[in-house]
Amino acid sequence: MKATTLAMALMVGDPHSDRVVPPTGFTAQLTSFTSAAMAFLACFALALSVSSGRLADRWAQELSQSLTIRISAPGDQLAVQTQAALAVLETTPGIEEARPLDADEQRALLAPWFGQSLPIEELPVPQLIDVIEASDADLDVDGLRLRLQAEAPGAVIDDHSRWRRPLVQAAQRLRGLSALSLILITGAMAAMVTLAAHAALSANRSVIEVLRQVGARDDYIAKAFVRRFTLRALGGAAVGTIAGMIAVALMPSSEATAGFLTDLGFRGLGWLLPATIPILAGIVAFAATRFAALRTLRTMA
């Protein structure tokens, strides 16, 4: 009941009790700045959490449905074993598509290490076959490996599991660290608002003593601080969230560059998620200020 009353008082306000808290000063600036800064950081942490989760899901889905076959054989047998491997793949259930990479594609794969002018045709480079698994079928990789050994002895299957798991785990851990960052940001904001409220109460000690002498109760005095600091936190967090959303929107997209995590940001209805940051900031400020106010008022008794 008291929490409901305080929430209604927060929205309606009381011009008489609001005079207890100075409208400007160090505590007002500190609360607003802290809320804006924490909301700005929280917006990036939230974007990183969403993006890393999306990245982990995409890697897990794409890499789990593809594998590569590498054929290493003498030059006069490479084409024969490649055709034999393709014949095996065409008759293997669970494979949607299998195609050998041409010279240009293999040159592009080696370009980061050897440059674009690599004479791929003159080098004993293994033939690579890109295999796409059917999404609605379960491919028997072990059985395929045995058939390839019989028909194309130089064929080796790489199902990407050796480096798929570390990538997915890294993205998942990054999402966990982002969530932890949100928790730490929330805690830091609560601590700063608590300190600011305590400082404001201490600075108005004489005013509080006069109010008590004329019959004001601690709930009445605390209500003024709760309302003022909560509104300051809401306003600062709203500004910080808007700035954070603008900064996230200006990040390069995956279409513009192929760098890691260039697709940092929100998609579709995900842009509504940052709108919860000012609300959370208001709730944190409400709880922190009420705790600090009642505790400090008890020590003044």
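Where a number appears in this text, it was derived from the coordinates with a stated rule and is not lab data. Worth saying up front: this structure is predicted, and the values here are computed from it rather than measured. Glycine gets a Cβ as well: all are built from the backbone with ideal geometry, and neighbour counts include every protein chain shown.
For region 266-296, applying the loop criterion from DSSP together with a ceiling of 13 other beta carbons within 10 Å to the trypsin sites (Lys or Arg not before Pro) yields 267. FRET efficiency for the residue 138 to residue 267 pair, using the beta carbon distance and R₀ = 30 Å, is estimated at 0.45. Between 94, 143, 82, the Cα set farthest toward the positive side of the dipole of region 73-153 (charges on each charged residue's Cβ, about the Cα centre) is that of 82. The calculated FRET efficiency for the pair residue 156 and residue 180, based on their C-beta separation and a Förster distance of 51 Å, comes to about 0.80.
If R0 is 30 Å, the Cβ-Cβ spacing of residue 246 and residue 110 corresponds to a FRET efficiency of close to 0.15. Relative contact order, whole percent, for region 73-153 stands at 44, derived from Cα pairs under 8 Å and 6 or more residues apart.
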